[in-house]
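Down below is the structure, laid out as structure tokens.
The values are calculated or read from the model by the stated rules, or taken from the named source; none is laboratory data. For clarity, every value in this text was computed on a predicted model and none was experimentally measured. Neighbour counts are summed over all protein chains in view; Cβ atoms, including those assigned to glycine, are modelled from backbone coordinates with ideal geometry.
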Amino acid sequence: MAEFYKLKVADIYKETEDTAVVTFEVPSTLHSVFKFRQGQHLTLKKDINGEDLRRSYSLCSSPIDKQWTVAVKQIPGGKFSTYINETLQTGDEIEVMAPTGMFGVPVQPEKEKNYLFFAAGSGITPVLSMVKTHPAQEPHATCKLFYVNKTAKSIIFKEELEQLRNIYFGRLEIYYFLTKERRDIELFNGRFDDDKMKVLTKTFIDIPRHG
């Protein structure tokens, strides 16, 4: 049976109008239990109005940060996401399961790798963990991130992504796509579809061909 641990909220803030970022305080005695790999998630449990609710959220922090942080986007009518965004405060306790999940690939510092990431909205959370981790621990790796949001204001972790782009200048490229705002370059308007993917493949994505 899955075991939950009571963790204190070390910090909570609004990243965008409808997204809260929560960092948990994990005591040193639980660091080995809560050791995680980029791409994994936490399952949270809370009794809300007499109902035992559980939800899983990807860690957006990197294992090298030694922090346990998730981002929760408020879903209209969503009981758990509304509680996180409107009620949860620093110092509150919430039950958390140890990190799980198989998403992502292991770090290989000696390899030359080219990572391509595609994300939309709150789907950036596990990708952010990877973008923080792979360039830092794989000195020969490069990353390209293609990230879709509704508007410029709704881009989750925009400031943090820009900081990472500066840190790994030339090794991390980020391309933003908006669905509810018009951009001067038509390619960066709208979602990923077959036509857009063809253009991206020709323009930005260099896939070596092996005979």
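The table below gives the values:
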quantity: Residue that is surrounded by the fewest Cβ atoms within 10 Å (Cβ to Cβ) [pool: residues in region 56-83 that are in contact with a Lys or Arg (Cβ under 8 Å, 6 or more places away or on another chain) and over 17 Å from HIS41 (Cβ atoms)]; calculated: ILE64
quantity: Search result, residues across region 167-181 that are of a type in the set (Ser, Thr, Tyr) and closer than 25 Å to GLN137 by Cβ; calculated: TYR168, TYR175
quantity: Selection from region 1-32 of residues that are exposed (fewer than 13 other Cβ atoms within 10 Å of the Cβ) and either touching a helix residue (DSSP H, G or I) at 6+ places or on another chain (Cβ under 9 Å) or assigned to a loop (DSSP other than H, G, I, E, B) (or both); calculated: MET1, ALA2, GLU3, LYS14, GLU17, PRO27, HIS31, SER32
quantity: Subset tally (residues that are at pLDDT 95 or above and not in a strand (DSSP E or B)) for region 43-63; calculated: 4
quantity: Residues within region 143-186 that are in contact with a Lys or Arg (Cβ under 6 Å, 6 or more places away or on another chain) and charged (D, E, K, R), tallied; calculated: 3
quantity: Qualifying residue in region 90-103 (condition: assigned to a loop (DSSP other than H, G, I, E, B) and closer than 30 Å to LEU178 by Cβ); calculated: yes
quantity: Which numbered condition GLN163 fails, given (1) surrounded by fewer than 16 Cβ atoms within 10 Å (Cβ to Cβ); (2) touching a residue at least 12 places away in the same chain (Cβ under 8 Å); (3) within 23 Å of THR69 (Cβ to Cβ); calculated: (2)
quantity: Residues within region 187-211 that are exposed (fewer than 11 other Cβ atoms within 10 Å of the Cβ) and at pLDDT 70 or above, tallied; calculated: 6
quantity: Test: residue in region 141-153 that is assigned to a loop (DSSP other than H, G, I, E, B) and either surrounded by 13 or more Cβ atoms within 10 Å (Cβ to Cβ) or touching a residue at least 60 places away in the same chain (Cβ under 8 Å) (or both); calculated: yes
quantity: Lone qualifier among VAL127, VAL148 - being at pLDDT below 95, closer than 26 Å to HIS41 by Cα and either among the basic types (Lys, Arg) or outside the structural domain of VAL72 (by TED's automatic domain parsing) (or both); calculated: VAL148
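Residue-wise test of (1) free of Cβ contacts under 8 Å to residues at least 40 places away in the same chain; (2) of a type in the set (A, V, I, L, M, F, W, C); (3) not assigned by TED's automatic domain parsing to the domain that holds ASP11.
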| residue | (1), (2), (3) |
| --- | --- |
| GLY91 | no, no, no |
| GLY121 | no, no, yes |
| VAL131 | no, yes, yes |
| TYR168 | yes, no, yes |
